[in-house]
Amino acid sequence: MQLQMTFDDPKTFTKAWSITVDAILNPDTDLLEYVCNENERDAQHLVGKHSDTKVALETLSKYVGTYHATGRDFTIRVSDGGALMVGINGRSSIELLALSQTSFYYPGLGADS
């Protein structure tokens, strides 16, 4: 799917301009709101939190294994407490936060190069 947006504000811009953004539909997932950290003012209005998402142990177990991507080895396991954990290149594991039954977030992925 492609989203096309046109910005037309003569008081701000000398001419109208457009951008096109590619979007991927993931039909088996929940639609999630995106919150920007810069100048963030909306989190207080959002409903729920990641700890509200409970994923069954049998579902988590389907992700267990070692994956190779972007030149790194990702080892996925389930902790004794029932959380999905990831270790990168043999380092200690960090908890993946469940966003839905099929989507997980690792807050340190970008910083761990």
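Details
- Residues of region 73-91 satisfying the condition of being among the basic types (Lys, Arg) and either within 17 Å of residue 105 (Cβ to Cβ) or modelled with pLDDT of 90 or more (or both): 77
- Here is the figure for region 73-90: residues that are surrounded by fewer than 15 Cβ atoms within 10 Å (Cβ to Cβ) and either free of Cβ contacts under 8 Å to residues at least 12 places away in the same chain or among the aromatic types (Phe, Trp, Tyr) (or both) total 2.
- Flag if residue 60 is part of a helix (DSSP H, G or I), among the hydrophobic types (A, V, I, L, M, F, W, C) and either farther than 17 Å from residue 95 by Cα or at pLDDT 90 or above (or both): yes
- When residues of region 92-113 are limited to those that are modelled with pLDDT of 80 or more and of a type in the set (A, V, I, L, M, F, W, C), the one farthest from residue 27 (Cα to Cα): 94
- The requirement of being surrounded by fewer than 11 Cβ atoms within 10 Å (Cβ to Cβ), free of Cβ contacts under 8 Å to residues at least 60 places away in the same chain, closer than 23 Å to residue 26 by Cβ and hydroxyl-bearing (Ser, Thr, Tyr) is satisfied by residue 70.
- Residue that is surrounded by the fewest Cβ atoms within 10 Å (Cβ to Cβ) [pool: residues in region 11-27 that are at pLDDT below 90 and more than 27 Å from the chain's Cα centre (by Cα)]: 12
The values are calculated or read from the model by the stated rules, or taken from the named source; none is laboratory data. Everything numeric in this text was worked out from a predicted model, so none of it was measured. Note that we place each Cβ from the backbone using ideal geometry, even for glycine, and neighbour counts take in every protein chain shown.
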